[in-house]
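Before any comments, here is the structure.
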Amino acid sequence: MKSGTPTNRRVEGVLAAIWLIFFFAQLAIAFYIYLRDWIGSEQFGELVKVINSTYVTYVGAVVCFYFGSRKRTASKTLRQASASMVALVCSVAWNVVLLAFTVPLLFSGTVESSIRDIGAIGPMLSWLVAPVIGVYFAKSTE
Amino acid sequence: MKISLASASLLILAGLAPIRLSAQEQPRQCSPGDGVASAGSTICWNYPQARSVYISGIGVFPPVGAVNVNPATQTVYTVIVESQAIFSGTVVVHGGASRSGRIDLTTLESEYLSPLRGRARGTSYTTFLERVLTTLQSEMRASIDAEFELPRGTYVFVTHPRAIDSGEQRNRSFRVSYAVLVDRPSAGSADIVFSVRARIEFRRRSEETWYRASCCEIHHPIVDGLMRRLQNAVPPRERRN
């Protein structure tokens, strides 16, 4: 491995952190607006449900892989390093897009449109993260 | 009018459905050949023996006349003819898309809450209907969503929801829609009995869906306010009668 190339272990950690941070940020916004009575319990339930169902596959896979692979050694190939970078960039892009539908709730957005958009855009952009993450983890177990 | 007043009174006394005008007596849209030049349609009527005629959404007119209407949507105008008895009919004027503002009594009673009954004395039925219309439109600044007659003769005004002050609840906005139900007076009665109801909805800061507010704490002052206006709207001269 070239000097400066992140190890697989580190990238897995960053990837898991990215997914967890964005997931909890989404939930934090939902809880914040609910506790301030900006939405009712019915809409809160709907919002949490759609966030949960959109994130569960990726967060589950990334976190399980991270905690289930403690004993693996660091990767040494350039190909694996580039795969990990693509996985990181795609994950950040996907999460930023999804967060962009929740953040407006803190200003003037409506929960109904956020639920609609997250439910539609999340699965629509799954091609961006699902294959990349799959390939990255497949490569890192080689 | 071809229906004899005697037979009309009998029908009222028997407690049957309100008297409808027969096909020949219905007010109608004047044909272009009638010589009335206007961009919209014209409703014509001719009831020389009546006292007054009320046309929904417009007001009270003399027994014989015509009025130009130019609705954006297909609109059903209810025409109330007041003579010794009260008759009603409808005219459909075709505008653009059709609009159905009718609400059945069950919906009115379940959605429009906190009913308050009032009584107006010394005013004619058609004059009172116009007064309700004016009060809602001019004083309450509400637009009328629907105006129609229920099968048993109660005349109904339903207003479009209008924003109201949310008071201390800054995270919520409220809106109100009024329903005013005016009972058709029985023959010889000097009183007009009416009731006011309100449907109040709210939504929180980050919601776009409106939810119905439960009865009745917030309803009472709002319904009370309209009731007071309607009762005060009867001019003193008429109230003395």
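Report, by residue number, each residue of the range A:47-60 that is surrounded by fewer than 16 Cβ atoms within 10 Å (Cβ to Cβ) and under 14 Å from the mean Cα position of the chain (by Cα).
A:Asn52, A:Ser53, A:Val56, A:Thr57, A:Gly60
Restricting attention to the range B:195-237, and to residues there that are in a loop (DSSP other than H, G, I, E, B) and of a type in the set (Val, Ile, Thr), which single residue is modelled with the highest pLDDT?
Looking at the filtered set, the residue picked out is B:Thr209.
Any idea which residue in the range B:170-208 is nearest to the other protein chains (Cβ to nearest Cβ), counting only those that are free of Cβ contacts under 8 Å to residues at least 12 places away in the same chain, surrounded by fewer than 14 Cβ atoms within 10 Å (Cβ to Cβ) and not charged (D, E, K, R)?
Filtering the range B:170-208 for residues that are free of Cβ contacts under 8 Å to residues at least 12 places away in the same chain, surrounded by fewer than 14 Cβ atoms within 10 Å (Cβ to Cβ) and not charged (D, E, K, R), the one nearest to the other protein chains (Cβ to nearest Cβ) comes out as B:Ser189.
How about the range A:101-125: which of its residues are under 13 Å from the mean Cα position of the chain (by Cα) and without any contact (Cβ under 8 Å) to a residue 40 or more places away in the chain?
Selection gives A:Leu125 alone.
Among the candidates B:Thr135, B:Thr123, which residue alone is assigned to a loop (DSSP other than H, G, I, E, B), out of contact with any Ser or Thr (no Cβ under 9 Å at 6 or more places or on another chain) and β-branched (Val, Ile, Thr)?
When all the criteria are applied, what remains is B:Thr123.
The values are calculated or read from the model by the stated rules, or taken from the named source; none is laboratory data. All values reported here derive from a predicted model rather than from experimental measurement. Because the Cβ atoms are built from the backbone with ideal geometry, glycine has one as well, and the counts that use them run over all protein chains shown.
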